[in-house]
Amino acid sequence: MPSIGRIKTPSHFRDQISKEKTITLDFSYLTGVIESWWKKNAQLDTHTLKTQLINLLLTYLHAEDTFHFDKVGLADGCAAVCIKDVFKLDSPKLALTVHEALADLFHLTDIKYDYEEHKALYLKPSAEMYREWGNGHGDITPHSDDLYENLNVDYLALTVCRDITKTPTAYYFPSDLLCDLNDDEITELLTMQATFISGKNVSGLKERVRRVVEFSELYGFHFSLDFRIDSENGERMRAKHGGQHVLDKIRAGLPNAKHHVSTAETGTFLIVANHKILHARPMLNMDANEARDQAHNSTFSTTPRLLFRSKGPRKHYFPLDETTYTAEAH
């Protein structure tokens, strides 16, 4: 991604990032159509169901809703889309089918790492002992995903199958996290590099150095920020050549920072641009003993909170140069 040399002043930077927004869509006008289709076809395999559902969505969705499929994360688009009431039935198979269909329509390429069972998020054994873990009971500090990986994760998508704890996903715009920085601190942030370190879900240790802020004409400003502290590896983000005091100041402001929340109800789909928004979660709305008991024999049918997740790069489509193919044909 190109340098940030186009930034004129810290105030210009603040003005640009303040324009990022989230869009909330209501798909309740489709709930009946989707659930009627599901009751007739639920026995089919997931791939067939996903294909059918994509066709159904493209047939019945309003144009003002499909408009956003191509816009998430772009400079002229939105940083997040939260869709409510896609379905009402508590069915893990339906939730997964809806999740995969919508992730495809938003051009998300899901990545599966060898070390991580990332798709289903629910209480796992020993959940009551852990924070900073999607399958745990404790809170999760604001961060963007997989900053220690070699690839760039453009999108994170979550679909709620069930959440009787009513614990929403929280998400933070960088503009709300940086509002207390002075001009000198903003200038330092714009040139800073940080080392990003893996956590509990990775065996061993993975690291990657990234610029904290980048800019491109297509995507606007991108951020790499992770304020989690791992129980074994410590801070997941560390300034590389100075500037740690800037990151520490942002961290100190997190408890009081303005943020948004998704809808913690069956049938909610949330997709965020991973480098434009930090996501987080408060401690689950249940006590640790209950979490331990629930996690001991947790299944998709019994867990109090079940979400499906995808994360990865944006699908890119490349224009065809017909003259090249014509020349090759001869």
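The values are calculated or read from the model by the stated rules, or taken from the named source; none is laboratory data. Worth saying up front: this structure is predicted, and the values here are computed from it rather than measured. Counting neighbours? That spans all protein chains shown, and the Cβs are built from the backbone with ideal geometry, glycine included. Protein only, heavy atoms only, side chains kept; ligands, DNA and RNA dropped before computing areas. Shrake-Rupley method; radii C 1.70, N 1.55, O 1.52, S 1.80 Å.
Observations, loosely collected:
- Long-range neighbours under 6 Å by Cβ, at least six apart or interchain, first residue over 30 Å from residue 211 (Cα atoms) within region 275-296, second hydroxyl-bearing (Ser, Thr, Tyr): 284/165; 284/167; 285/165; 285/167; 286/165
- Among the residues of region 67-91, just one is more than 17 Å from residue 273 (Cα to Cα) and either out of contact with any helix residue (DSSP H, G or I) (no Cβ under 8 Å at 6 or more places or on another chain) or modelled with pLDDT under 95 (or both), namely 90.
- Condition broken by residue 70, with the remaining ones in (1) surrounded by fewer than 16 Cβ atoms within 10 Å (Cβ to Cβ); (2) under 30 Å from residue 19 (Cβ atoms); (3) touching a residue at least 40 places away in the same chain (Cβ under 8 Å) satisfied: (3)
- Test: residue in region 107-126 that is under 30 Å from residue 39 (Cα atoms) and among the hydroxyl-bearing types (Ser, Thr, Tyr): yes
- Only residues that are exposed (fewer than 12 other Cβ atoms within 10 Å of the Cβ) and either under 21 Å from the mean Cα position of the chain (by Cα) or in contact (Cβ under 8 Å) with a residue 40 or more places away in the chain (or both) were counted in region 307-319, giving 1.
- Unmet requirement for residue 213, which otherwise passes all of (1) within 18 Å of residue 19 (Cβ to Cβ); (2) touching a Lys or Arg at 6+ places or on another chain (Cβ under 9 Å): (2)
- Restricting attention to region 47-65, the residues being closer than 15 Å to residue 30 by Cα and open to solvent by 40 Å² or more (accessible area, probe 1.4 Å) number 8.
- Failed item in (1) open to solvent by 40 Å² or more (accessible area, probe 1.4 Å); (2) in contact (Cβ under 8 Å) with a residue 24 or more places away in the chain, with residue 35 passing the rest: (1)
- Residues of region 5-21 include none that is of a type in the set (Gly, Ala, Ser), touching a strand residue (DSSP E or B) at 6+ places or on another chain (Cβ under 8 Å) and closer than 30 Å to residue 189 by Cβ.
- Contact annotation: residue pairs with Cβ atoms under 6 Å, 6 or more positions apart or on different chains, pairing a residue in region 243-265 that is closer than 14 Å to residue 182 by Cβ with a partner that is open to solvent by 20 Å² or more (accessible area, probe 1.4 Å) and part of a loop (DSSP other than H, G, I, E, B), are 253/180.
- Options 253, 242; residue that is on the phi > 0 side of the Ramachandran plot and open to solvent by 10 Å² or more (accessible area, probe 1.4 Å): 242
- Within region 111-162, restricting attention to residues that are in a loop (DSSP other than H, G, I, E, B) and of a type in the set (A, V, I, L, M), the residue that is surrounded by the fewest Cβ atoms within 10 Å (Cβ to Cβ) is 151.
- One residue alone among 256, 274 is in contact with a strand residue (DSSP E or B) (Cβ under 6 Å, 6 or more places away or on another chain) and closer than 30 Å to residue 72 by Cβ, and that residue is 274.
- Count of region 291-306 residues which are within 15 Å of residue 138 (Cα to Cα) and open to solvent by less than 80 Å² (accessible area, probe 1.4 Å): 5
- Any chance residue 209 is at pLDDT 95 or above, among the hydrophobic types (A, V, I, L, M, F, W, C) and open to solvent by 20 Å² or more (accessible area, probe 1.4 Å): yes
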